[in-house]
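First comes the structure, then the notes that go with it.
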Amino acid sequence: GRFALRVLPDSSAALRAGIVGLAFSIGPRQAWYIPLGHEGEGARGDSAANAPSGGLFDAADQPDQPAAKAEGSGALSAAAVLEILKPALENPAIAKVGHDLKFDMIVLARHGIELAGLETDTMLASYLLDATRSGHPLEAAALEHLGYKALAEEDVCGRGAKAVSLARISAEDALNYAGERVDLALQLADRLSPMLVTDQLDALYRDIERPLIPVLARME
């Protein structure tokens, strides 16, 4: 009835981005990653070779039951996967959580899926709780509200001139990064939603901000 999702893109521009993979979470420290557009196993920049392993889904933390799962060794058929997921993603009765759901909505719409059932966008919630900040990235929100230092894209893709796109890293290297994005979004949703109520911002989010997500997505 409720899950967090994140589209891993091959570009930071939603209007041009292809889908590298999809990540989902239904509970704390649980995530699944479905690779769809990785260009080659192990393809990555030299500067990403020392990217940190582990994170929320380090197997050493839960040796008996891995928290995250890579579906396939490289990439699955994007068309087949999206066809299977389409009914759930378009079902308004299934609540969707994410960080910057507008981005996900635009990318999915360009691939024939009309995302519905939006519940909590943690980027918008963070903005409402502190509108004076210049930005509300997931990493900052996770550090502030969950006390967790999340992987940044440059941690897995490299930095500077040697940086590569998410499409150029392997599915295994994307797993922790993708898993963190959805798991932390779900945890943040459960942390920030009560704060919106306490600060009497829940009606503003529910009646104005959230309904604007699909409107802005269609405009873009």
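Can you tell me which residue in the stretch 198-220 is modelled with the lowest pLDDT, limited to those that are of a type in the set (D, E, K, R) and part of a helix (DSSP H, G or I)? Ranking the candidates gives Arg218 first. The set of residues in the stretch 184-217 being surrounded by fewer than 14 Cβ atoms within 10 Å (Cβ to Cβ), of a type outside the set (Val, Ile, Thr) and free of Cβ contacts under 8 Å to residues at least 40 places away in the same chain consists of Asp190, Pro194, Gln200, Ala203, Arg206, Asp207, Pro211, Leu212.
At least 1 residues being at pLDDT 95 or above, crowded, with 21+ Cβ neighbours inside 10 Å and among the polar types (S, T, N, Q) is the threshold, and among the helices (runs of 4 or more DSSP H) wholly inside the stretch 85-156 those reaching it are 122-129.
Does Glu172 fit the bill of being open to solvent by 40 Å² or more (accessible area, probe 1.4 Å), of a type in the set (Asp, Glu), without any contact (Cβ under 8 Å) to a residue 24 or more places away in the chain and assigned to a helix (DSSP H, G or I)? Judged against the criteria, Glu172 is not a match. Residues in the stretch 157-166 that are surrounded by 14 or more Cβ atoms within 10 Å (Cβ to Cβ) and either assigned to a helix (DSSP H, G or I) or over 17 Å from the mean Cα position of the chain (by Cα) (or both): 5 in all.
The values are calculated or read from the model by the stated rules, or taken from the named source; none is laboratory data. These numbers were taken from a predicted model, which means no experiment stands behind them. All Cβ positions, even for glycine, are placed from backbone atoms using ideal geometry, and neighbour counts span all protein chains on display. For accessibility, only protein heavy atoms count, side chains too; no ligands or nucleic acids. Shrake-Rupley method; radii C 1.70, N 1.55, O 1.52, S 1.80 Å.
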